[in-house]
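The values are calculated or read from the model by the stated rules, or taken from the named source; none is laboratory data. Not measured: the values here are computed from a predicted model. FYI the Cβ positions are ideal-geometry reconstructions off the backbone, even for glycines, and counts take in every protein chain you see.
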């Protein structure tokens with residue numbers, strides 16, 4: 001049988017088989033085609049319903065429909081794509097990744113599938129897989145800015161900075177010079193430690209945007225880090241020219257001037273910073289603290305003068321804040337002008353009546369002015385606000401002591417002493433407690449308080465003097481009193497108060513000639529002796545047999561006051577009474 005006959009025979013056989021199949025078994029092939037058509041129809045129906053549900057934001061229904069669509073057509077990559085997004089939104093990340101991977105396998109050239117897969121890789125932190133996909137995408141579409149932007153971000157995350165620069169150059173070629181591209185390059189060069197290249201990009205950015213003071217400030221800072229201070233200074237001057245009210249320019253210039261030792265110009269910029277309404281108040285307060293710390297050792301006169309300027313600048317800019325008045329108060333205290341300081345501290349309290357340091361300074365000021373009733377009033381306020389702060393109890397005790405309310409004084413001092421955790425402060429409390437109990441004629445408690453002070457501070461000359469003097473008045477432990485008093489005049493040999501005490505102890509010991517010698521020193525070193533000095537001298541002279549000069553000194557003592565209860569009788573009878 002030749003080839004032609006064989007071909008005809010084959011065709012006839014095939015035809016007869018078809019006819020036989022149609023006549024003998026009509027249900028074998030028709031149902032197969034029908035089922036396929038039905039499945040595809042179902043797939044299309046569910047897919048359509050899935051899209052509608054998705055657009056209506058009914059995501060669970062959308063997921064159901066797309067999953068049903070896949071049951072009727074297992075290779076439905078479009079449903080896989082939709083499901084990957086819906087699974088991801090539902091927190092089903094693993095299923096989302098698997099679904100889009102299947103879609104990509106079915107349609108490897110579909111760029112949208114590739115983008116979705118890359119996004120999921122990135123979301124899982126797999127940036128290398130992301131980059132691999134985008135390498136292919138950019139091969140096909142190298143100028144796609146969206147691709148480039150995403151690609152650059154991924155490269156940055158894995159630290160492939162040189163590739164980033166390369167891609168940024170491509171972007172720049174497409175869209176021209178761009179602020180964000182400059183900034184991105186600057187950041188990359190900084191990360192790489194390529195300071196010169198970073199500065200070059202900053203310079204290019206400023207050439208592109210010459211009026212942008214923020215970038216000039218960045219460039220100046222970069223110059224400063226490289227010790228190119230003169231270049232930085234030129235940028236600062238340009239910023240000030242472009243925007244005199246730039247909120248940070250005065251601080252930058254102040255810092256520059258301080259670095260080169262030009263304190264006068266630094267101070268000028270500091271004052272301008274305080275007055276700059278664009279700079280926030282808290283920054284100015286911190287700036288003042290910085291200035292004070294940096295210039296703590298400056299010339300006292302200049303320091304005070306500048307403090308006045310600072311205070312005035314704050315008052316001018318913030319008249320309702322307490323800081324300016326407080327600064328002025330401290331300045332006047334440093335000038336020993338307590339009356340003027342008092343005025344400013346009172347104004348500061350009006351602005352903020354709970355400020356601890358202002359209450360503290362005002363209390364000290366009132367003590368210096370001997371306005372003890374005001375001290376009591378101020379410390380009452382302070383103690384109500386700060387009941388655990390012992391200092392205000394000490395100040396109040398000083399106030400009560402000087403208005404001679406000794407009962408109130410000892411109560412507040414004892415309370416404050418219990419709060420004190422500082423050795424020196426506790427000694428101050430015990431000193432005043434000792435003095436106060438002496439005024440209350442409670443000698444035992446007075447001496448106990450003095451002993452506590454001397455136990456912790458054996459050379460406390462104030463307590464040594466008072467202790468010795470009160471012992472001499474009581475004619476008690478005179479040798480101990482003389483020893484204590486001797487320490488005071490050794491420490492301060494020209495102190496008239498201490499010399500008077502030493503002379504008086506000698507007098508009580510009956511050592512009148514020595515007592516006269518030290519009383520003469522009192523009058524030598526004190527050009528304005530008080531009444532008690534003259535009375536003591538008179539008593540000593542009387543014991544030495546010089547009644548005439550004794551009476552003469554008693555009379556002087558009476559005129560000055562601060563004398564004993566026997567002064568009139570001494571003068572009248574020309575006789576010593578004790």
**OP:** Could you list, in sequence order, all residues of the stretch 319-363 that are over 20 Å from residue 379 (Cα atoms), assigned to a loop (DSSP other than H, G, I, E, B), modelled with pLDDT under 95 and touching a helix residue (DSSP H, G or I) at 6+ places or on another chain (Cβ under 7 Å)?
**Re:** 335
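Evaluate the following for residue 498: is it touching a helix residue (DSSP H, G or I) at 6+ places or on another chain (Cβ under 9 Å), at pLDDT 95 or above and closer than 24 Å to residue 459 by Cα?
Numbers: touching a helix residue (DSSP H, G or I) at 6+ places or on another chain (Cβ under 9 Å): yes; at pLDDT 95 or above: yes; closer than 24 Å to residue 459 by Cα: yes.
So residue 498 passes the test.
Is it the case that the stretch 285-299 has a residue that's under 23 Å from residue 216 (Cα atoms) and in contact with a helix residue (DSSP H, G or I) (Cβ under 7 Å, 6 or more places away or on another chain)?
Taking every residue of the stretch 285-299 in turn, at least one turns out to be under 23 Å from residue 216 (Cα atoms) and in contact with a helix residue (DSSP H, G or I) (Cβ under 7 Å, 6 or more places away or on another chain).
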**OP:** Please enumerate the residues belonging to the stretch 196-218 that are within 31 Å of the chain's Cα centre (by Cα) and farther than 10 Å from residue 186 by Cβ.
**Re:** 212, 213, 214, 216, 217
**OP:** Determine which member of the set 482, 473 is without any contact (Cβ under 8 Å) to a residue 12 or more places away in the chain and either buried (at least 19 other Cβ atoms within 10 Å of the Cβ) or closer than 18 Å to residue 435 by Cα (or both).
**Re:** 473
**OP:** Would you be able to say whether some residue in the stretch 314-329 is within 30 Å of residue 403 (Cα to Cα) and more than 23 Å from the chain's Cα centre (by Cα)?
**Re:** yes
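Checking the conditions here, which among 336, 371 is surrounded by fewer than 16 Cβ atoms within 10 Å (Cβ to Cβ) and farther than 19 Å from residue 416 by Cα?
On the way: 371 fails: surrounded by fewer than 16 Cβ atoms within 10 Å (Cβ to Cβ).
After ruling out the rest, the residue left standing is 336.
Please count how many residues of the stretch 523-535 are part of a helix (DSSP H, G or I) and surrounded by fewer than 23 Cβ atoms within 10 Å (Cβ to Cβ).
To start, the set of residues in the stretch 523-535 that are part of a helix (DSSP H, G or I) comprises 523-525, 531-535.
From the residues that got through so far, the ones that are surrounded by fewer than 23 Cβ atoms within 10 Å (Cβ to Cβ) too are 523-525, 531-532.
So the answer is 5.
Would you pick out the residues in the stretch 120-134 that are in a helix (DSSP H, G or I) and in contact with a helix residue (DSSP H, G or I) (Cβ under 8 Å, 6 or more places away or on another chain)?
At the first step, the residues of the stretch 120-134 found to be in a helix (DSSP H, G or I) are 120-123, 127-134.
Those that are in a helix (DSSP H, G or I) and in contact with a helix residue (DSSP H, G or I) (Cβ under 8 Å, 6 or more places away or on another chain): 120, 121, 122, 123, 127, 128, 129, 130, 131, 133, 134.
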**OP:** Identify all residues within the stretch 52-83 that are surrounded by fewer than 22 Cβ atoms within 10 Å (Cβ to Cβ), in contact with a helix residue (DSSP H, G or I) (Cβ under 7 Å, 6 or more places away or on another chain) and outside any helix (DSSP H, G or I); write none if there are none.
**Re:** 73, 75
Original post:
Within the bounds of the stretch 221-236, is there any residue that is exposed (fewer than 14 other Cβ atoms within 10 Å of the Cβ), at pLDDT below 95 and at positive phi?
Top reply: yes
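Could you look through the stretch 244-253, keep only residues that are crowded, with 20+ Cβ neighbours inside 10 Å and touching a residue at least 24 places away in the same chain (Cβ under 8 Å), and pick out the one that is farthest from residue 224 (Cα to Cα)?
Of the stretch 244-253, the ones crowded, with 20+ Cβ neighbours inside 10 Å are 246, 249-253.
Retained after the next criterion (residues that are touching a residue at least 24 places away in the same chain (Cβ under 8 Å)): 246, 249-252.
Working: 246: 19, 249: 14, 250: 16, 251: 14, 252: 11 Å.
Once the filter is applied, the top-ranked residue is 246.
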**OP:** Look at the stretch 160-197 and say how many of its residues are at pLDDT below 70, surrounded by 13 or more Cβ atoms within 10 Å (Cβ to Cβ) and not in a helix (DSSP H, G or I).
**Re:** 2
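In this structure, does residue 307 turn out to be surrounded by 15 or more Cβ atoms within 10 Å (Cβ to Cβ) and over 20 Å from residue 256 (Cβ atoms)?
On the way: surrounded by 15 or more Cβ atoms within 10 Å (Cβ to Cβ): yes; over 20 Å from residue 256 (Cβ atoms): yes.
Answer is yes for this residue.
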